[in-house]
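The values are calculated or read from the model by the stated rules, or taken from the named source; none is laboratory data. All values derive from a computational prediction rather than experimental measurement. Here the Cβ positions follow ideal geometry from the backbone for every residue, glycine too, while neighbour counts run over all protein chains shown. Areas reflect the complete protein model, heavy atoms only, side chains present, ligands, DNA and RNA absent. Shrake-Rupley method; radii C 1.70, N 1.55, O 1.52, S 1.80 Å.
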Amino acid sequence: MDNKIFRKPLFNPEGDIEVKNRCLLNFNTTNINDFNNMKYSWVSDWYRQAMNNFWIPEEINLNQDKSDYPNLLPAERAAYDKILSFLVYLDSLQSANLPNIAQFVTANEINLCLSIQTFQECIHSQSYSYMLDTICNPTERNEILYQWKTDEHLLRRNEFIGQLYNEFVENPNKESFLRVCIANYILEGIYFYSGFMFFYNLGRNGKMPGSVQEIRYINRDENTHLWLFKKILLELEDEEPQLFTEESKKMIADMVKTGVEQEIAWGQYVIGNEIPGLNGSMVSDYIKYLGNLRYSSLGLGTLYPGYETEPDTMKWVNQYSNANMVKTDFFEARSSAYAKSSAIEDDL
Ligand code: ZN
Ligand code: ZN
């Protein structure tokens, strides 16, 4: 199997302009962004959704969070800090790594999506800075920001995904491309979720409402990122079927399983059994369900029999995480506000 991949050419007047020849890897691209001639038709919907999702962290009021934070239960506060530290790390790593992937992607419309995703990961990192800057003093803020370097559990779990990302940078080829895409898919679809669940649980207990809203916006963006990487993986399977051997499918299953196990261990460590409204088995049931959902979305079947449906104890999460369910009370109001301001810009 030819395992080589090549960086996309930049100024390339001799590039191929035939839409039907365009492909994810090793295409002789001109880099022209032509929105009228897309090979990957799902990109139009994706692009529109991502544009409509635009938001600004500072537009969310954190006044109540400022007074709630010092009064959180010790277990809640410890979890808040550790989860935020983990999320800052994930979003920062994403914004740094996505361009590494994009430089090998030769389908320009998919590169457009990766650029938008990178921009959104930057907004996510900035939203955490805004949250920390509002609710705590500069010393506490820095302690939280760098906990991922000193907390052993946090460092250990960052190693798994960090090493997969490093591997692709050091040795880019088709197989490591497949692995870095799966790593992205796991990060977007499993890693964020015990953290999101913790914030939503604070929300249903009437605490830290501003942080909860920030997370809802972030969650809505992460859903589109998950959608993007699912599509990239399915296109890759279509265009490079030789990569998807029984052996590599086993590797994917092992990677998703490792991701699920680490997320469960992490959830037990940060959430434990002392936070009102959550307990260890709720966390592990929910993460196994997510693992199944992500795995079966790639057409690979079931990873954890018995966890095919959303656990009854976790049905409330959907009220916060499902963008469609909150459209009228929250997201829709925002979208129309931004539409108005962009019209003003046009008149200048
Ligand atoms: Zn993000
Ligand atoms: Zn993301």
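Here are some notes:
- Selected residue (only one of LEU278, LEU290 is aliphatic (A, V, I, L, M) and more than 22 Å from the chain's Cα centre (by Cα)): LEU278
- Single match in THR118, THR106 (criterion: of a type in the set (S, T, N, Q) and assigned to a helix (DSSP H, G or I)): THR118
- Of the criteria (1) within 16 Å of ligand 2 (Cβ to nearest atom); (2) in contact with a Phe, Trp or Tyr (Cβ under 7 Å, 6 or more places away or on another chain); (3) open to solvent by 70 Å² or more (accessible area, probe 1.4 Å), which one TRP46 fails: (3)
- Filter result (buried (at least 17 other Cβ atoms within 10 Å of the Cβ) and either over 20 Å from GLN117 (Cα atoms) or modelled with pLDDT under 95 (or both)) within segment 4-14: ILE5
- Residue list for segment 140-182, restricted to those being at pLDDT 95 or above, open to solvent by 30 Å² or more (accessible area, probe 1.4 Å) and among the hydrophobic types (A, V, I, L, M, F, W, C): VAL169
- All conditions but one from (1) open to solvent by 30 Å² or more (accessible area, probe 1.4 Å); (2) within 16 Å of ligand 1 (Cβ to nearest atom); (3) acidic (Asp, Glu) apply to ASP221; the one that does not is (1).
- Any hit, segment 261-273, residues being open to solvent by less than 60 Å² (accessible area, probe 1.4 Å), outside any helix (DSSP H, G or I) and under 21 Å from LEU84 (Cβ atoms): yes
- Residue count for segment 61-105 satisfying the condition of being free of Cβ contacts under 8 Å to residues at least 12 places away in the same chain and within 30 Å of ASN173 (Cβ to Cβ): 1.
- Condition check for VAL88: open to solvent by less than 20 Å² (accessible area, probe 1.4 Å) and within 16 Å of ligand 1 (Cβ to nearest atom): yes
- Test: residue in segment 93-116 that is aliphatic (A, V, I, L, M), more than 24 Å from LYS231 (Cβ to Cβ) and within 16 Å of ligand 1 (Cβ to nearest atom): no
- You will find that of MET38, MET1, the residue that is assigned to a loop (DSSP other than H, G, I, E, B) and open to solvent by less than 60 Å² (accessible area, probe 1.4 Å) is MET38 and no other.
- Only one of the numbered conditions (1) among the β-branched types (Val, Ile, Thr); (2) farther than 30 Å from LEU24 by Cβ; (3) away from ligand 1 (no atom under 16 Å from the Cβ) is not met by ILE182, and that is (2).
- In segment 227-243, the residues that are in contact (Cβ under 8 Å) with a residue 60 or more places away in the chain and of a type in the set (A, V, I, L, M, F, W, C): TRP227, LEU228, ILE232, LEU233, LEU234, LEU236, LEU243
- Scope segment 278-315; condition among the small types (Gly, Ala, Ser) and either within 20 Å of LEU233 (Cβ to Cβ) or open to solvent by 40 Å² or more (accessible area, probe 1.4 Å) (or both); matching residues: SER281, GLY291, SER296, SER297, GLY299, GLY301, GLY306
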